[in-house]
Amino acid sequence: MTELNNSELIRLSAAQLAAKLAAREVTSVEVTQAYLDRIALVDGGADGIHAFLHVNAEEALAVAAEVDAIRAAGGAEEEALHELAGVPIAVKDLIVTIGQPTTAGSKILEGWHSPYDATVIKKLRAAKMPILGKTNLDEFAMGSSTEHSAYGPTRNPWDLDRIPGGSGGGSAAAVAAFEAPLALGTDTGGSIRQPGAVTGTVGMKPTYGAVSRYGAIAMASSLDQIGPVSRTVLDSALLQEVIGGHDPFDSTSLTDPFDTLVAAAKTGNVTGMKIGIVKELHGEGYQAGVENRFNESLELLKEAGAEIVEVSCPNFKYALGAYYLIMPSEVSSNLAKFDGVRYGLRVLPEDGPMTIERVMAATRAAGFGDEVKRRIILGTYALSAGYYDAYYGSAQKVRTLIQRDFDAAFAQADVLISPTAPTTAFKLGEKLDDPLAMYLNDVATIPANMAGIPGLSLPGGLADEDGLPVGIQLLAPAREDARLYRVGAVLESLLEEKWGGPLLAKAPELKNAGLGTAFNTAGGSN
Ligand code: GLN
């Protein structure tokens, strides 16, 4: 039916695909098959992207065919179709799904199938979006590179020797490598935004409670948030409206409707808006090319009519330290359920008595990787009697101070801005033996989780020294997600003008990864 070839089809944004589906210029089966072909072409093998842990071809095509049949029949059923019906999506393998395995990137859940769907999955099914499969992640979402996945790392489509960020590197790489137009991620300390930054994609961490966490395997419950991964700001807004909304199954779920996000992305405007540079979130420790792109974005926003102010958040210097007490404390508690009795793996001790404690110990020793063990040990220690006040209690007080810093900053500015990550994508293996260096990649993203506020990362251009994508982060007060889409849409279009089209058209590995000339000639047409 379509006049577009596969390389052109997979380059369209979700909004463009939705329009072509509604206009009957293309079928959902054609689109879904084009993406499955793309996955088959670039994801597997020794130098494949390895964004997917599981590909859900049969079910995805069945859902696509169902949407096509409804469109062909027309009438009331077609009118009731969601705008994104027939647009495929990939899902981070931390989110439980009926009919597909859920591993959380861990050996301890290898082969496990959830008996229920996460709320966000139910919503994707209700919108009839074909689910392409489950994407790779650092084990239980702990990491910044996907190197802590028990199933091997994902590669960055911009440079296959580099990390795609983490923990949601699989979702970001899938979207960057045109293996999916949209994906779901989860963000506890930056796992949607930092992968977005280093892969040149858009990543949004909604306000805590704006999207149900029911069915997202918990890492640190007071920080975790599901959110969209996409190639454009508008696409993230469209997806957040699908997955958001109140859910009685999540006691922290907000009742606000969050239904002005798409409108905000479509009517981007920054005139008269105050945009605050956070003094503590740039400068020393940030790569020169990151800093340069950040300054350019500020200039663009100024030219578009925004007022740039500087704000100071003095307690942000304690954010990383407090996060590495609160997060592991919650991790140690949340992961206690993986005991060899209820889920997945069970390992019996090789010798000695067969007690329940020894089965648990053998299972957890074999089933968890080093990073997960490190955090369980840290969290158990921080929560232990006698140390609770000194560590967990103090960290909670710091958390309050960070929230107050944000309150003060938002009294001076409508939106805050910073680089998303201090560096561009580092080399695979570079920080694997140095956990503290790995943790430092999240300095700019963690404060938002500590305060529950929304954060959006969008591509800000390429760094001078390595030609790799730089992420720009926008932050707004809780519940003001629409404001981020409004500002993000303006910055995105100014940056595209400056860079001569979408940034992903410049990715060298992508040009080589089987897309050929069709990819290059389609470069500026997004
Ligand atoms: N990289 C951070 C960590 O390792 C954040 C992880 C996340 O957001 N899930 O904890």
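Taking 0.36 nm per residue of sequence separation and subtracting the Cα-Cα distance, how much length would be gained by fully extending the chain between ALA437 and MET354, in nm to one decimal?
Details: separation 83, 0.36 × 83 = 29.88 nm, distance 4.04 nm.
So the extension gain works out to 25.8 nm.
May I ask you to order 325-331, 496-502, 374-380, 306-312 by the average number of other C-beta atoms within 10 Å around their residues, highest value first?
Details: 325-331: 24.0, 496-502: 14.3, 374-380: 19.0, 306-312: 16.3.
The densest-packed peptide leads the list: 325-331, 374-380, 306-312, 496-502.
For CYS313, the residues whose amide H sits under 5 Å from its own are LYS279, GLU280, ignoring neighbours fewer than 5 places away on the same chain, with H placed 1.01 Å from N.
Under 1.5 on a/c is rounded, so check that first for the range 372-493, then, if it is not, pick prolate when a/b is larger than b/c and oblate when it is not; a ≥ b ≥ c are the square roots of the alpha carbon gyration tensor eigenvalues. Oblate shape, in that a/c is at least 1.5 and b/c is the bigger or equal ratio.
For a quick protection proxy, order the peptides 444-451, 114-121, 389-396, 334-341 by their average other-Cβ count within 10 Å, most packed first. Don't jump to the answer; show the numbers that get you there.
Numbers: 444-451: 27.8, 114-121: 19.6, 389-396: 15.4, 334-341: 17.4.
Packing proxy ranking, top to bottom: 444-451, 114-121, 334-341, 389-396.
If one computes the Cα centroid of the range 332-363 and of the range 13-58, what distance in Å separates the two points? About 39 Å separates the Cα centre of the range 332-363 from the one of the range 13-58. Comparing ALA90, THR27, LEU468 along the charge dipole axis of the chain, the residue lying farthest to the positive side is ALA90, per the Cβ-charge model. Heavy-atom surface analysis with a 1.4 Å probe gives the chain a carbon and sulfur content of 54 percent of its accessible area.
With θ taken as phi - 60° and the Karplus curve 6.51 cos²θ - 1.76 cosθ + 1.60 applied, the whole-hertz 3J(HN,Hα) list for the range 439-451 is 4, 5, 5, 9, 3, 8, 9, 4, x, 4, 5, 5, 9 Hz, x standing for glycine and proline.
Please give the contour-minus-distance gain from LYS266 to GLU307: 0.36 nm per residue of separation, less the Cα-Cα distance, rounded to one decimal in nm.
Working: separation 41, 0.36 × 41 = 14.76 nm, distance 2.15 nm.
Difference between extended and current length: 12.6 nm.
Projecting label points 7 angstrom from Cα along Cα→Cβ for ALA126 and LYS373 puts them 4.3 nm apart. If you average the C-alpha positions of the range 205-260 and of the range 268-304 separately, how far apart do those two centres end up, in angstrom? Value for the Cα centre distance between the two parts: 26 Å.
Using unit Cβ charges (K, R positive; D, E negative) and no other charged atoms, how large, in debye to the nearest 20, is the dipole of the range 1-48 about its Cα centre? Working shown, then result.
On the way: 4 positive and 7 negative charges, 38 e Å.
It comes to approximately 180 debye.
In order along the range 475-484, phi translates into HN-Hα couplings of 10, 9, x, 3, 6, 9, 4, 4, 4, 5 Hz, rounded to whole numbers, per the Karplus curve 6.51 cos²θ - 1.76 cosθ + 1.60 with θ = phi - 60° and x for Gly and Pro.
Here is the size of the range 302-341 from its Cα atoms: Rg then Dmax, 19.7, 60 Å. Applying the Karplus relation 6.51 cos²θ - 1.76 cosθ + 1.60 with θ = phi - 60° to the range 354-364 yields 3J(HN,Hα) values of 8, 8, 4, 4, 6, 5, 4, 4, 5, 5, 6 Hz, where x marks Gly and Pro.
Take 201-212, 264-275 and order them by the average number of nearby Cβ atoms within 10 Å per residue, most first; the result is 201-212, 264-275.
Solvent-accessible area per residue for the chain at a 1.4 Å probe radius, Å²?
Averaged over the residues of the chain, the accessible area is 35 Å².
The values are calculated or read from the model by the stated rules, or taken from the named source; none is laboratory data. All figures in this text were calculated on a predicted structure; none of them were measured in a lab. Reconstructed Cβ throughout: ideal geometry from the backbone, glycine too, with neighbour counts over all protein chains shown. Note: areas computed on protein heavy atoms with side chains; ligands, DNA, RNA excluded. Shrake-Rupley method; radii C 1.70, N 1.55, O 1.52, S 1.80 Å.
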